[in-house]
1. Run down A:ARG123, A:ARG97, A:ARG83 and say which single residue is without any contact (Cβ under 8 Å) to a residue 40 or more places away in the chain and among the basic types (Lys, Arg).
2. Tell me, which helices (runs of 4 or more DSSP H) lie completely within region C:64-154 with 3 or more residues that are among the hydrophobic types (A, V, I, L, M, F, W, C) and either farther than 30 Å from B:LEU97 by Cβ or under 21 Å from the mean Cα position of the chain (by Cα) (or both)?
3. With the requirement that a residue be farther than 20 Å from A:ILE36 by Cβ and assigned to a loop (DSSP other than H, G, I, E, B), what does region A:146-175 give you?
4. So which residues in region C:33-60 are farther than 11 Å from C:SER270 by Cα and either among the aromatic types (Phe, Trp, Tyr) or more than 13 Å from the chain's Cα centre (by Cα) (or both), if there are any at all?
5. How many residues, within region B:1-37, are without any contact (Cβ under 8 Å) to a residue 60 or more places away in the chain and either within 23 Å of C:ILE300 (Cβ to Cβ) or within 15 Å of the chain's Cα centre (by Cα) (or both)?
6. Please find, within region A:83-107, the residue that is surrounded by the fewest Cβ atoms within 10 Å (Cβ to Cβ) out of those that are assigned to a helix (DSSP H, G or I) and more than 7 Å from every other protein chain (Cβ to nearest Cβ).
Amino acid sequence: MSILLETQDLELAYGAFHAVNGVNLKVEAGTIHTIIGPNGAGKTSLFHCLTGERQATAGAIHFDGKNLMRKPAHGRVGLGMARSFQLTSLFQNLSVRENLRLAAQGRDGARALNFWRRVDSQREHLEMADQVLERLQLTARADTLAGELSHGQQRVLEVGMSICSKPKLLMLDEPTSGMGIDDIPIMTQLISDLGRDHTVLLIEHNMSIVMSISQRITVMSHGQILVEGTPEFVRADERVRTAYLGEAA
Amino acid sequence: MLNLYLFQILNGLGLGMIYFLIAVGLTIIFGLLNFVNFAHGAFFLLGAYICYTAVSLTGNFWLALLIAPLVVAALAWVIERLLIQRIYHLPHMFQILVTLGIALIIQEASVMIWGPVGKSVAVPELLRGVLVVGDFVYPYYRLFLIVFSGLVGLGLWLLLERTRFGALVRAGSESTETVSLLGTNIFRLFSMTFALGVALAGVAGVLFAPLRGAQPFVGPEILGVAFVVVVIGGMGSFSGALVGGLLVGVVQSLMTTLWPQGASLMIYGAMAVVILIRPYGLFGRA
Amino acid sequence: MSEKNPLPFAKTQSRAMLLWVLAVLIGLPLILPSATLATEILIFAMAALACNLLLGYTGLLSFGQGIFFGAGAYCAALLMIHLQLGLFTALLGAAIAGGFLALLVGALAIRRTGIYFVMLTLAFSQMAYFVAYTLSDWTGGDNGLLSVPRPEIRLGDTVLLSLADARAFYGFVAVLFLLIFIGARRVIASPFGSTLMAIRENETRASAIGYDTRHFKILVFVLSGAVTGIAGALYAMLLHFVPLSNIDLAMSENILIMTIVGGTGSLFGSLLGAGSIVLLGDFLSDLWPRWLMLLGVILILVVIFMRGGLWGGLASLFEKVRGSRKNVVIAKEEGL
């Protein structure tokens, strides 16, 4: 299988503190790959380096054969990466459809600077938005303001926005964060479904989801990769069990 | 020649201390209340005018020095209760617009009450005259200005560092939630802090009055300089307000003899440069 | 695709809005005592519209609009006085001057956000004022530029229309305003415009979905600056005079106040805001020299109680009327 995303000795240092301390991550194309670990393990910091929110202080990131180190966050979308946020970050006062349409338009890059053409002349973005609405089962709420959705629906929209740019890699930061017990299966189903035509890299805390949908799990601790492998492999590993999984295994 | 520079530097220190008082008031309000007060300059000019009235009524500058800041503080307290409390939660943009409105109201009200032309305030008798050292001559009042402002600054520092109120203000600047959990009436703390910050501007106005009188339209200019000082010194920083104020005061004084417009250009240019390069200024926290 | 337009500002509303604008443009000189006053309203409506592109649509509070207004006025005046250039060249020059300064100011100011961004625009505004004051050989300093001409509309050497008459000039300005209004609506309805609103709503998210927000912010600054420059040039031609006050902070504040009081939610709001403030000033300033106090009160009331401004107030009134009619229909359908 081909490696879509790869880091080499990646480091993110805040002064003397290394949030990410030499990480060699390999994400295979077409897999659902989850990163887990206790709080402070460096998952979020690693994510920030991958999405471009933070500039890594050492090491390399390669995506689809391209070096990502100097690319700003907005530039990574054009390469085929997309992300969702742990703390819901939507366009609250715009409709659900508009949220998605903007996400689809985002891949246009400099062409979006066109201030003379009419927005709805770009049918492809509207069609993408409608397609994604279908996939998210939110078609009925297309014209609702994003801020008026329930929390669970907002989390789903969060993930939905990341697929609008037709990315190769979806990076989802705790997609089920704050979701109620009834809504979680919807998200799980969505992510599994997305895994069929995207590569998905996610951070998750909910162990049952992690175990059920991941094809590969990376366990982090103290800014480094502790263990990596299939769910069964990780579940069986002593170090992970004692340090982290406890009774949930 | 040396005397001229010494003269200007001392002027600059005096001006700088006045700027310090205004700026420290602004920075306290921003530090604790996270509130941008565009009416700060208006309270400065109000302080000068109330001083004028107090002196006209009582003939006593020292009484005015005591009364005027208290009156300004009282007015600020009322405004805080009625208006400012409603807008703490709003983004800075709206705070700016509302306080801009307040500043306009105060400015126009001042003209209504005291007329469009400035009023002059006499230097108190005790401080008339000049200090003579060799062939260097310097007005007593301006020396008093530096010393008195320093004392006010010291008093303020003691208030912030050594009293319970000050501890609450400093703690509140870090986290208002924690402070309110400690049982403090957070709204009263806010009102008192706002009144204190504004009163400092009022004191500055009083001290400034014998120099250039009470003027109705200086609000924007003073506000501008106050923000320059706060930005250069660092938002929320006491020492920043002091160092920034003195820097700006001295530079402005020295430049005024050479090129008055250049002084303003340099000052606002410095503010822009600081914001672009090091937004938290000399002493501010990131 | 459903009938309803996905953009926040419905299309059907816009078509009617254009008619309203036409109605106002035609009606203003008929209702008001002087065509000069009506022209002044349109000039500031242009400036407020440009300010609203930044404030209402992109979420940028700029205290620097006076820079572009004053620069446009000075540029046009100087081009006409010293180079004897004609009407359209002067306006073009003003647009370029405004746009170019906006490029400089914007590129620097957007390096910071929030209060620091505001402070930067404020600092630049003050700097521009003092530069204009100092370059008194060009700007006339405190006295301003006098005897600014108002050129005719000409094609080559033939004079098509003289604008000396106040009503003729009003007509010219009205046409310009209409063109700018239509252009602005176009900009808002474009991919660029939709992205501006995304940036206003959530800049981090906008960045994360692929937009280089700096480019968008700079471009909207340039557009805003160009339009404001044109407004400044027209003001110079209206007064035959360019005062220093065109470029001072108070001018930036006035433009902001008009934008906010009118309502940042729509372009029509800028027309409402400029109209009401200019008329208020004109009406009151003779009666009560301290009328600015009322302005302060209005500003406070609008921000606290009616954040949508005059436009917001009108819009919610329409909603209430339409809503109550809709409720009657629904009630009938449900057999109540």
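The values are calculated or read from the model by the stated rules, or taken from the named source; none is laboratory data. Predicted, not measured: the structure shown is a model, and the values here were computed from it. Cβ atoms come from the backbone with ideal geometry, glycine included; neighbour counts cover every protein chain shown.
1. A:ARG123
2. C:65-83, C:87-109, C:114-134
3. Once the filter is applied, which keeps residues that are farther than 20 Å from A:ILE36 by Cβ and assigned to a loop (DSSP other than H, G, I, E, B), region A:146-175 yields A:LEU149, A:SER150, A:CYS164, A:SER165, A:LYS166, A:PRO167, A:LYS168.
4. Hits for region C:33-60 are C:PRO33, C:SER34, C:ALA35, C:THR36, C:LEU37, C:ALA38, C:THR39, C:TYR57, C:THR58, C:GLY59, C:LEU60.
5. 1
6. Step by step, filter region A:83-107, then rank; the result is A:ALA104.
Yes/no per residue for (1) within 14 Å of another protein chain (Cβ to nearest Cβ); (2) surrounded by fewer than 24 Cβ atoms within 10 Å (Cβ to Cβ); (3) not acidic (Asp, Glu):
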site	(1), (2), (3)
B:GLY47	no, no, yes
B:CYS51	no, no, yes
B:LEU63	no, yes, yes
B:LEU90	yes, yes, yes
B:ILE105	yes, yes, yes
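A quick yes/no check of all residues on (1) surrounded by 18 or more Cβ atoms within 10 Å (Cβ to Cβ); (2) within 14 Å of chain A (Cβ to nearest Cβ); (3) within 24 Å of C:SER194 (Cα to Cα):
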{"site": "C:SER207", "(1), (2), (3)": "yes, yes, yes"}
{"site": "C:LEU219", "(1), (2), (3)": "yes, yes, yes"}
{"site": "C:ALA226", "(1), (2), (3)": "yes, yes, yes"}
{"site": "C:ALA231", "(1), (2), (3)": "yes, no, no"}
{"site": "C:PRO243", "(1), (2), (3)": "yes, no, no"}
{"site": "C:LEU256", "(1), (2), (3)": "yes, no, yes"}
{"site": "C:LEU317", "(1), (2), (3)": "no, no, no"}
{"site": "C:LYS320", "(1), (2), (3)": "no, no, no"}
